[in-house]
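Read through the structure below, which is laid out as structure tokens, and then see the notes.
The values are calculated or read from the model by the stated rules, or taken from the named source; none is laboratory data. Just so it is clear, the model here is predicted, and its values are computed rather than measured. No Cβ is skipped: glycine too gets one built from the backbone with ideal geometry, and neighbour counts run over all protein chains shown.
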């Protein structure tokens with residue numbers, strides 16, 4: 001009984017700690033405890049949106065963290081309920097075996113998980129449970145095994161497939177054939193850089209290696225990059241390959257191109273995150289409305305062990321192809337159901353050098369919409385927003401549109417007075433640390449900026465002209481860092497249609 005009472009007290013103390021954390025988001029989904037990363041296994045099934053996420057919890061007495069695929073679902077994309085974990089160790093009774101990322105294969109009549117188990121290989125699970133609460137492994141797992149090394153330990157790549165590195169897979173069904181993208185690199189000569197490997201099967205058990213799926217181009221990516229957490233799907237009259245890269249820093253990126261004869265030919269390239277944003281681990285699904293919905297994992301810039309939790313799920317994004325086959329990004333319409341306390345602000349006209357507060361718009365849990373016109377559109381201009389400011393400017397996050405350089409600059413050097421934040425590949429890696437996020441964005445003459453800004457305590461998501469979404473973590477320390485301002489350096493601007501909504505909380509604590 002004493003042990004049980006201790007457990008209850010520890011649970012109570014953790015909940016109090018989470019409630020007191022001013023940086024814990026209120027309407028972005030946050031798991032209740034522990035450190036989590038990649039979003040996995042997104043599927044729309046039986047009227048619910050199902051998502052998984054890879055959770056790791058320190059495993060006492062073991063150098064390997066406990067790892068599982070946690071499982072949540074929602075009917076409205078706003079409120080999520082927990083299920084039992086989709087996948088959890090041990091596998092075949094071997095403590096310490098764990099899971100990496102994977103996917104729910106698209107187009108399957110029965111929901112099917114394909115995932116990577118380090119030291120074993122690629123494993124497949126099926127669920128015939130209408131709530132997807134129970135997943136049954138194929139008895140033939142691992143269906144693509146790792147070969148044992150001479151000393152008895154598995155190697156990272158199958159010796160029969162020397163080009164392919166076994167890593168986070170994804171898959172789909174095409175007619176009567178199953179396909180899987182397995183691995184984050186392919187070592188065939190001439191395929192340096194990010195290039196995953198294509199496998200084919202007719203029964204989910206016997207898989208044939210077909211070779212590299214595509215050839216990356218150094219005009220877009222560096223040789224050090226890889227292709228992990230892949231998603232491949234039709235996109236308008238093209239196909240999109242969405243991925244995560246680990247080097248030189250973690251980010252989400254994509255190709256759009258042709259898919260012919262089991263090969264992908266990239267024709268355009270884009271990034272969904274840039275150095276400093278901490279957005280990675282992308283995942284998508286297609287829902288009953290035919291929408292391609294996206295989520296990403298937003299990492300921390302602070303040490304999670306001091307707070308008991310780590311990681312935030314982005315808002316759901318709606319991805320659509322523009323007429324020219326470029327990418328459009330919008331927040332899902334369902335987010336409007338969280339709005340309350342609607343407030344409108346009169347139009348704002350600013351002269352060069354002016355900086356003005358949006359009075360009455362103080363909040364750290366809100367949606368802010370506005371349209372900004374430059375009154376000298378043919379000149380080089382710099383103007384934008386200051387978000388989450390303290391009254392004296394001690395803390396502020398500055399978004400600047402620089403038309404000469406054709407880019408947005410999100411400067412978060414003064415977003416927080418906390419000196420311990422590190423915006424790099426991970427909180428302990430200072431080699432790629434930064435305090436500015438630079439996002440290319442060509443703005444045509446006379447083209448206004450339509451900004452839809454979601455602020456949720458330590459998370460900012462800025463949707464601009466339905467073309468980009470800039471994601472940022474910030475950690476203001478002052479309780480009065482809730483003000484928002486308009487500014488311009490060198491051109492008159494007009495801000496119109498300025499409206500603010502408070503956003504209802506969806507996280508229980």
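Observations, loosely collected:
- Residue in region 456-470 that is part of a loop (DSSP other than H, G, I, E, B), surrounded by fewer than 20 Cβ atoms within 10 Å (Cβ to Cβ) and more than 22 Å from the chain's Cα centre (by Cα) present: no
- Among the candidates 285, 293, 279, 319, residue that is buried (at least 17 other Cβ atoms within 10 Å of the Cβ), within 29 Å of residue 419 (Cα to Cα) and not assigned by TED's automatic domain parsing to the domain that holds residue 410: 279
- Top-ranked residue of region 132-156 - restricted to ones that are surrounded by 13 or more Cβ atoms within 10 Å (Cβ to Cβ) and outside any loop (DSSP other than H, G, I, E, B), ranked as modelled with the lowest pLDDT: 154
- Listed by first and then second residue, the pairs with beta-carbon distance under 9 Å, at least 6 apart or on different chains, first residue in region 206-218 and without any contact (Cβ under 8 Å) to a residue 12 or more places away in the chain, second crowded, with 21+ Cβ neighbours inside 10 Å and assigned to a strand (DSSP E or B), are 208/199.
- Any hit, region 463-473, residues being closer than 20 Å to residue 419 by Cα, at pLDDT 95 or above and in contact with a strand residue (DSSP E or B) (Cβ under 8 Å, 6 or more places away or on another chain): yes
- Counted residues, region 162-197 - those being in contact (Cβ under 8 Å) with a residue 60 or more places away in the chain and in a loop (DSSP other than H, G, I, E, B): 4
- Test set (1) surrounded by 13 or more Cβ atoms within 10 Å (Cβ to Cβ); (2) closer than 23 Å to residue 131 by Cβ; (3) in contact with a strand residue (DSSP E or B) (Cβ under 7 Å, 6 or more places away or on another chain); (4) modelled with pLDDT of 85 or more - residue 88 fails condition number: (4)
- Meets criteria (modelled with pLDDT of 85 or more and either closer than 13 Å to residue 304 by Cβ or in the same structural domain as residue 117 (by TED's automatic domain parsing) (or both)) for residue 26: no
- In region 315-360, counting only strands (runs of 3 or more DSSP E) that sit wholly within it, the ones holding 3 or more residues that are more than 28 Å from residue 254 (Cβ to Cβ) span 339-345, 348-350, 355-357.
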